[in-house]
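One structure, pasted below without further comment.
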Amino acid sequence: METISVNKKLLIGRFQFYNVFFHYYTNRLWDKNIWSSAISILFEQLNDTGNEQVLEGINLLQYLTEEDIAEAKFDYSRLFIGPEMLLAPPYESVYIRKERVLMQKETLIIRNFYESAGLTVSKLGKEPDDYIGFELEFICYLLHKLINEEEENVRWLELYVNFLEHHFLKWVQLHCIDVIKHSESKICLGMALILKAFFEQEKEFIKTL
């Protein structure tokens with residue numbers, strides 16, 4: 001079976017990075033101790049990049065207080081959940097379609113991507129398939145497969161690169177720009193700065209694969 005050589009250390013680092021953002025966007029990082037662990041991972045992966053946005057984001061996330069976390073919870077809901085109009089909708093189709101509406105053909109295309117890897121969304125019909133939390137979880141799944149199933153790494157690498165190039169990288173930076181524009185908390189702003197800067201690097205990384 002055909003295989004390729006991929007730097008496993010780089011893949012593990014990316015898995016850890018995406019996993020932090022998966023937990024962030026699925027509302028699982030609000031404990032102060034968990035935040036400390038997440039920030040340590042981000043710092044380890046990104047501190048030596050020299051990117052000004054990354055450094056600004058890391059600085060915002062250091063030394064968080066309980067008040068900072070409480071402010072971020074409110075800001076998070078305001079940006080991503082509602083009940084008012086979402087200021088930074090966490091859905092691909094909103095940024096791909098001029099109409100900025102949900103549940104368009106992009107949603108079904110994403111569903112087909114998941115199914116090609118043998119996956120389906122557990123909350124099918126309750127949350128669109130192109131929700132950023134699902135897309136991040138899918139990326140983590142592909143990286144996990146790449147790291148642990150070397151005999152099929154060509155398949156998983158192709159899915160990983162195609163998904164980033166044709167979907168995630170096409171919209172997530174626009175989403176981050178909305179967060180940066182509308183955020184009113186250190187945490188939401190810091191995470192958006194880091195994610196946006198990371199994907200500028202990720203575009204270059206996947207060209208080497």
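How about Lys203: which lysines have a C-alpha closer than 17 Å to its C-alpha, ignoring those fewer than 8 places off in the same chain?
Lys170
If you place +1 on the Cβ of every Lys and Arg, -1 on the Cβ of every Asp and Glu, and leave all else neutral, what size is the dipole of the range 113-209 about its Cα centre, to the nearest 20 Debye? List each step's numbers first, then the result.
Values: 10 positive and 17 negative charges, 83 e Å.
That gives a dipole near 400 debye.
Right, something else. Which percent of the accessible area of the chain is formed by carbon and sulfur heavy atoms (probe 1.4 angstrom)?
Ligands and nucleic acids excluded, carbon and sulfur give 51 percent.
Of the residues Ser37, Ser93, Ser183, which exhibits the maximal mean-square fluctuation in a Gaussian network model of the chain defined by a 10 Å Cα contact cut-off?
Ser37
Not counting the cut sites, what is the longest span of the chain without chymotrypsin sites (Phe, Trp or Tyr not before Pro) that DSSP labels loop and that have at most 16 other Cβ atoms within 10 Å? Spell out each step's value before the answer.
On the way: sites that count: Trp30, Tyr63.
So the longest stretch without any such site is 64-209.
Assigning unit charges at the beta carbon (Lys, Arg +1; Asp, Glu -1) and nothing else, what dipole magnitude in debye, to the nearest 20, does the chain show about its Cα centre?
So the magnitude is around 320 debye.
What accessible area per residue comes out for the range 91-209, rounded to a whole number of Å², with a 1.4 Å probe?
In whole numbers, the range 91-209 has 46 Å² accessible per residue.
Which percent of Cα pairs goes in each bin when the distances of the range 1-92 are cut into 10 angstrom slices starting at zero?
Answer for the range 1-92: a P(r) of 14, 38, 33, 11, 4, 0 percent.
Continuing with this model, one more query. Stokes-Einstein diffusion coefficient for the chain at 20 °C in a medium of 1.002 mPa s, Rh from the Kirkwood formula over Cα pairs: what value in µm²/s? Please report the intermediate quantities before stating the final value.
Details: Rh = 17.7 Å.
Estimated diffusion coefficient is 121 µm²/s.
The values are calculated or read from the model by the stated rules, or taken from the named source; none is laboratory data. Only a predicted model underlies this, so the values are computations on that prediction, with no experimental measurement involved. Cβ atoms come from the backbone with ideal geometry, glycine included; neighbour counts cover every protein chain shown. Note: areas computed on protein heavy atoms with side chains; ligands, DNA, RNA excluded. Shrake-Rupley method; radii C 1.70, N 1.55, O 1.52, S 1.80 Å.
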